[in-house]
1. Of the conditions (1) at pLDDT 95 or above; (2) surrounded by 12 or more Cβ atoms within 10 Å (Cβ to Cβ); (3) of a type outside the set (S, T, N, Q); (4) in a helix (DSSP H, G or I), GLU44 fails just one. Which one is it?
2. If I ask for residues that are under 22 Å from ARG51 (Cβ atoms) and either in contact with a helix residue (DSSP H, G or I) (Cβ under 9 Å, 6 or more places away or on another chain) or hydrophobic (A, V, I, L, M, F, W, C) (or both), which ones from region 61-81 would you list?
3. Can you name the residue in region 55-87 that is touching a His at 6+ places or on another chain (Cβ under 9 Å) and open to solvent by 30 Å² or more (accessible area, probe 1.4 Å) and, of all such residues, is modelled with the lowest pLDDT?
4. Any idea how many residues of region 24-60 are touching a helix residue (DSSP H, G or I) at 6+ places or on another chain (Cβ under 7 Å) and of a type in the set (Gly, Ala, Ser)?
5. If you scan region 94-107, which residues turn out to be buried (at least 21 other Cβ atoms within 10 Å of the Cβ) and assigned to a strand (DSSP E or B)?
6. Scan (1) surrounded by fewer than 13 Cβ atoms within 10 Å (Cβ to Cβ); (2) more than 24 Å from SER115 (Cα to Cα); (3) modelled with pLDDT of 95 or more for the single condition TYR34 breaks and write down its number.
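The values are calculated or read from the model by the stated rules, or taken from the named source; none is laboratory data. Predicted model only: the values in this text are computed from it and were never measured. Every residue, glycine as well, gets a Cβ built from its backbone with ideal geometry; the counts of neighbours run over all protein chains shown. Protein only, heavy atoms only, side chains kept; ligands, DNA and RNA dropped before computing areas. Shrake-Rupley method; radii C 1.70, N 1.55, O 1.52, S 1.80 Å.
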Amino acid sequence: MEQAEAEKASAFTISQEAIDYVLCKGSGKAQGKYRIFEQFQKQESTQENIRFLKDEYGAGGRSNAVPGSEYGEHHDGRGITIFRDYGDPDGEFLLTWVRVEKRISELIAADRYLSP
């Protein structure tokens, strides 16, 4: 029930390209992107991957999450929120950890998570 509430439609939309850019930047911690990639190579369950992602990302964020845009992002126990105006509930898009895990898995499978 909580997850359905968190994923309700927002007036704010964002392109898949921008979402992928944010996810492909990794956790923001040193070597975090590589730890995430290694976790997904273990072929563990979705729940294990989600647990790992929550721990790896922790709480934090960054402004200018997508260069040339006004997007920022913050991450916490709910997932990764991409926003255009911090504090405006209609100006944010929440990616729950379930959705983050699924998309990172897809990006890795398509060989788009790590660049050469």
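1. GLU44 satisfies all of (1) at pLDDT 95 or above; (2) surrounded by 12 or more Cβ atoms within 10 Å (Cβ to Cβ); (3) of a type outside the set (S, T, N, Q); (4) in a helix (DSSP H, G or I) except (4).
2. Result: GLU73, HIS75, ASP76, GLY77, ARG78, GLY79, ILE80.
3. Filtering first and then ranking leaves TYR86.
4. Residues flagged as touching a helix residue (DSSP H, G or I) at 6+ places or on another chain (Cβ under 7 Å) and of a type in the set (Gly, Ala, Ser) within region 24-60 amount to 3.
5. LEU95
6. Every condition holds for TYR34 apart from (2).
This table checks each residue for (1) at negative phi; (2) within 13 Å of the chain's Cα centre (by Cα).
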site	(1), (2)
GLY68	no, no
HIS74	yes, yes
GLY77	yes, yes
THR81	yes, yes
ARG84	yes, no
LEU94	yes, yes
TRP97	yes, yes
ALA109	yes, no
LEU114	yes, no
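Residues are listed down the side, and each one gets a yes or a no for (1) within 23 Å of SER15 (Cα to Cα); (2) touching a Gly at 6+ places or on another chain (Cβ under 8 Å):
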residue	(1), (2)
GLN47	no, no
GLY68	yes, no
GLU73	yes, yes
GLY79	yes, no
VAL100	yes, yes
